[in-house]
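Quick notes on the structure that follows.
The values are calculated or read from the model by the stated rules, or taken from the named source; none is laboratory data. Only a predicted model underlies this, so the values are computations on that prediction, with no experimental measurement involved. With ideal geometry, Cβ positions are generated from the backbone for all residues, glycine too; neighbour counts draw on all protein chains shown.
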Amino acid sequence: MRKLAIGTALSGALALGALAAPAAQAATPNLTFSDVKVNNGKTIVAGTTAKVKVPVTYSLTRGSDVVIDYTTHFAGVALYRGTLGDPGNLIEPDTAPACTTTATTDTTVTQSCTATLVIDPSDSLFEAADATTWKAAGFYSHVDQDDDDSDGHISFDFGYDLWTTTGTAKIQRAAKLTTDASPEPVKKGKTLTVKGKLTRANWDTGTYTGYKGQKVALQFRAKGSSTYTNVKGITSGTGGALTTTVKAARSGYFRFVFTGTSTTGAATAAGDYVAVQ
């Protein structure tokens, strides 16, 4: 299904180009968006390729005469950063929400709605500035398009209204960690070198790049145990490189753990087993 809001309107307007004259503004519909919750209040962590499905719930109160059919008239919740009038980026829903009427009056209808925002990093996230706290906005849009030129006439008319809400959502860049301990096996009391790399999603390039200057913990889990304990902390170097040494005491698993930052999600490497002889 096509985008429900700005994307639909602008694509048509751009297609018409200079032929499209400004449409007369329709009256702003009477809509109220409340109780907006995005991703159940949890942080959204996005990598470079995998799409992230984000649940959104909200209450919508509209005038009983306002048409919302999700064919030519749409309403929903979008995410934006920046200001309402000049957003640095905006993420819209692709599908209609599921709404249930909870109350009515002579002039209004109130509905409880559940929707899903699909964040595709290659389509929705473009730069480091997108790793921030976004705001949720309620929107209403309508589209009336006639592409049939058999009668010598085409038309495109759209309307769009956007409201701020109290809803917010934090988006972070996903991180990755690796761990490699050597030599394997090793004599008890000898020195082990543990290396790894900390990288995070780079939405400019669509790749994972090194994350330098970050605190990372080296952890150890003894063979037969289910619990990791901290061994030491180190700081990632150029390109996110990690390297440190420890004395081999007993067989078990080593791993690096990164707790994350305000812009980057946490990451835990897979444990690397070392047999101590």
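Couple of notes before you dig in:
- Criterion: without any contact (Cβ under 8 Å) to a residue 24 or more places away in the chain and under 32 Å from the mean Cα position of the chain (by Cα) - qualifying residue of Thr209, Thr243, Thr205, Thr264: Thr205
- Of residues in region 88-139 being surrounded by 13 or more Cβ atoms within 10 Å (Cβ to Cβ), in contact with a Ser or Thr (Cβ under 8 Å, 6 or more places away or on another chain) and small (Gly, Ala, Ser), the one nearest to Tyr160 (Cα to Cα): Gly138
- Condition check for Thr193: part of a strand (DSSP E or B), under 30 Å from Thr268 (Cβ atoms) and not assigned by TED's automatic domain parsing to the domain that holds Ala78: yes
- Close Cβ contacts (under 9 Å, 6 or more residues apart or on different chains) running from residues in region 123-136 that are farther than 14 Å from Thr43 by Cβ to residues that are assigned to a helix (DSSP H, G or I) comprise Ser124/Asp130.
- Inclusion of Gly63 among residues that are under 30 Å from Ser155 (Cα atoms) and surrounded by fewer than 18 Cβ atoms within 10 Å (Cβ to Cβ) is warranted.
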